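Heads up, the thing below is written out as structure tokens.
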Amino acid sequence: MICDATCQGWAALGGGVGGLFTALAAAIAAWQLVYMKRQSRTAFEDAIVREYRELASTLPLKALLGESLSNREHADKLDEFYRYFDLCNSQVFLHDHGRISDETWAFWEQGIRTNLKRPAFARAWNEIAGRANGDFAELRRVCPPVPTTQPEVSA
């Protein structure tokens, strides 16, 4: 009889310890999933940052510094501006669908808004938005085109 009570006590203790280890393993697995998701999102965001840097390197330095472009410079770089606006539109879309963290989006949104206040970007955005037949809906929502009153600079 003593063995039966003792064996039952050990069995109960073993079951409790086993349950505790199972719960601990489940908690660790959940933490790993959250951590991996965060790492995956960071890697994805880093890839988009690399794409932005590559694209920004093709834009005229004058435009990035807030200077106006000549008509010729504007026409020569309109394709690059188009790709920049397409990337910005994708960034808005990705944030809207939870692929970009709110923290990263706040930084990117500020950068997009800052760039679109620069004369060369504003001019290109107004022209492209006017010709794009409704494309760039996400970017239009965040930064609607604003007609510029700045005179065009001749080459």
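The values are calculated or read from the model by the stated rules, or taken from the named source; none is laboratory data. Remember, it's a predicted structure, so these values are computed and weren't measured experimentally. Here the Cβ is made from the backbone with ideal geometry for all residues, glycine too, and neighbour counts use every protein chain on show.
Against the conditions (1) under 20 Å from Ile128 (Cβ atoms); (2) in a helix (DSSP H, G or I); (3) out of contact with any Asp or Glu (no Cβ under 6 Å at 6 or more places or on another chain), where does Ser68 fall short? Just the number, please.
(2)
Can you tell me how many residues in the stretch 115-129 are closer than 16 Å to Ser70 by Cβ and either surrounded by fewer than 19 Cβ atoms within 10 Å (Cβ to Cβ) or modelled with pLDDT under 95 (or both)? Outline the logic, then answer.
Looking only at the stretch 115-129, we keep the residues that are closer than 16 Å to Ser70 by Cβ, and these are 118-124, 127.
Subsequent filtering for residues that are either surrounded by fewer than 19 Cβ atoms within 10 Å (Cβ to Cβ) or modelled with pLDDT under 95 (or both) retains 118-119, 127.
Here the count works out to 3.
Does any residue of the stretch 146-155 turn out to be of a type in the set (D, E, K, R), at pLDDT below 95 and either farther than 20 Å from Ala56 by Cα or not in a loop (DSSP other than H, G, I, E, B) (or both)?
So the first thing to find is which residues in the stretch 146-155 are of a type in the set (D, E, K, R), and the list is 152.
When the remaining residues are screened for being at pLDDT below 95, the result is 152.
If we keep only those that are either farther than 20 Å from Ala56 by Cα or not in a loop (DSSP other than H, G, I, E, B) (or both) too, we end up with 152.
Yes, the stretch 146-155 has at least one match.
State all residues of the stretch 16-59 that are out of contact with any Lys or Arg (no Cβ under 8 Å at 6 or more places or on another chain), touching a residue at least 12 places away in the same chain (Cβ under 8 Å) and not β-branched (Val, Ile, Thr); if no residue qualifies, say none.
Matches in the stretch 16-59: Glu45, Glu51, Tyr52, Ala56.
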